[in-house]
1. May I ask you to compute the full-extension gain from Asp64 to Asn78, defined as 0.36 nm times their residue separation minus their alpha-carbon distance, rounded to one decimal in nm?
2. In the set [x] 27.9; [y] 24.4; [z] 23.4, which value of Kirkwood radius over Cα pairs in Å was calculated from the structure you see?
3. Count charges around Thr372 for me, please; just the other residues with Cβ under 10 Å from its Cβ, Lys/Arg as +1, Asp/Glu as -1.
4. Mind putting a number on the dipole of the chain about its Cα centre? Charges go on the C-beta only, +1 for Lys and Arg and -1 for Asp and Glu, and I need it in Debye to the nearest 20.
5. Using θ = phi - 60° and the Karplus form 6.51 cos²θ - 1.76 cosθ + 1.60, what ³J(HN,Hα) does each residue of region 12-27 get, whole Hz, x for Gly and Pro?
6. State, to one decimal in nm, how far the label point of Thr11 lies from the label point of Glu186, with both points 7 Å from Cα in the Cβ direction.
7. Run the numbers for Thr299 and Met450: contour at 0.36 nm per residue of separation, minus the present Cα-Cα distance, in nm.
8. Below 19 Å Cα-Cα, how many Lys pairs turn up in region 239-343? Only count pairs eight or more apart in sequence, or on different chains, if you could.
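Nothing in this text is a laboratory measurement; each read-out follows from the coordinates by a stated rule. It should be emphasised that the depicted structure is a prediction, and the values quoted were computed from it without experimental measurement. Note: ideal-geometry Cβ built from the backbone for every residue, glycine included; neighbour counts use all protein chains shown.
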Amino acid sequence: MGNKHQSIPHTKLNTDYLIIGSGLAGLYAAHYASKFGKVLIVTKSTVKESNSYWAQGGIAAALDPEDSAVFHSEDTINAGRDLCNIEAVEVLVKEGKERILDLIELGMVFDSDEEGLKFGLEGGHSKRRVLHAGGNSTGQVMVEFLISSVEKNPNIEVLELASVTDLISDGNSCSGAWAFNQEKSEYILIYAKATVLATGGASALYERTTNPEGATGEGLDLAYRAGAELMDMEFIQFHPTAFYSDSGETFLITEAVRGEGAHLVNRDGKRFMNKYHGLGELAPRDVVSKSIYNELKETGGKYVYLMLSHLDRSFIIKRFSNIFGLCMDQGLDLTCDLIPVAPAAHYTIGGVRTGLMGETNLTGLYACGEVTCTGVHGANRLASNSLLECIVFAKRAIEGANKYFETREEIILEAGSPCIFGDTDVKDQERFNTIKKEIQCLNTQVLGIMRNGTDMKDYISKLETIIEESSNLSAWFAYKILSMGKLSQLIADSAYYREESRGAHLRIDFPEEKEELKVHIVNRMGSEPYQVKL
């Protein structure tokens, strides 16, 4: 970890709303907050590099006349395996419709035909309710639409290529953050009336992932070190159908492909999902991932196949143009070839524990999007609820902050000093990459789709050894490894503590659900994991 230093040259900024992260949740929060004051978005990369940008599947909302928020709620709760926060689900499905209509009124264009909006079907949904934009480029289109809005807004400033290294916190309140621009070696102290975390998830802690390589949960680490509670960290959702290659190169093949009729087949060319679940290929993601795992264990091999040869070629090329192109780059034709797929880490269901207004246990700190855990997803996220969660709870986080402004005096804490990275040596990059890869491989082996207590018990000592290897790395790289190590340990602690199988968390040694474990597991700095009843 970088060394603390009492006096360091820095730039000082003040704002009303500090938004950390530039995915859909961060951009929507900034867009809404700009109506009430000055907004500063800080992002470690650029506004286009986020999980939201690469989201293919779509955004779910019960806008079809034959659908209803009740049906959407039931599907969400069923997928969540009796662990959903029912209030949060009701907020999601009811306000989600309103947020979609708001976006359309602002000029956002979703795919439609002469009959109106087009609705897709995905796993776990009982109705066609998934909206798309640009075919299978929904996240990209939505992010670009909001980026355009943000760039034109005089109340919003964007600070790119700046990593937030510390929240200004005394363990009870938050007054802003320290950031470090590695390109300029510049430290930035940002005071804010409200700080909003929207940094995304941590699925890049795994070897095979659909996420950008930077999605290693830095926002979760920031919040944890500041004294915020993390909840449900054991629930990592694996997407069943990520492209498989021996080189390790992968990309997501959206669930919407199966929604349009694609089949999953084993190496003998036989469909297998119907023997695991009545909904076949349209079962919830945790079921499909587990089924693929079992099929591979039974038949051997490292992957199964997606088969679309029975579907209309021109429709598939038009509907899934991006995926068609990516497969062609690999020498495979999506419309007639068998496409090798296997599960990959995709979505962090757990995160910073928040209430319904985005509030954390730290006064002045709010969170929205994948970095959070409202309990809305329970033990398993329903497909295409994530983009909806971003916009619904981003608006609520700003409303929560505004309510805080009205009822309490602003708390300004002593900033202290940031982690210092002045001694970073680029020559350490190769060794950093090696150690990072070790952590990712270990997480895939021990904290993957199927887990067991014996492996997890041995895991910590192995992880500690890996982290020790990074102790003499220069500061920036040591900081990153320590952050990845701590979050990996929190996932392992929660997974070891939950002695059952539920949703995205599956234990070989505890294969059944337990009624007494209809609880959320919470982690906070300085304490053992503890339970919160539903």
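1. Taking 0.36 nm per residue and subtracting the Cα distance, the gain is 3.0 nm.
2. [z]
3. Computed value for this residue: -1.
4. The calculation lands at about 140 debye.
5. Using θ = phi - 60°, the values come out as 10, 10, 10, 8, 7, 10, 9, 9, 9, x, 10, x, 4, 4, x, 5 Hz.
6. In this crude label model, Thr11 to Glu186 measures out at 0.3 nm.
7. 52.7 nm
8. Lysine pair count for region 239-343: 6.
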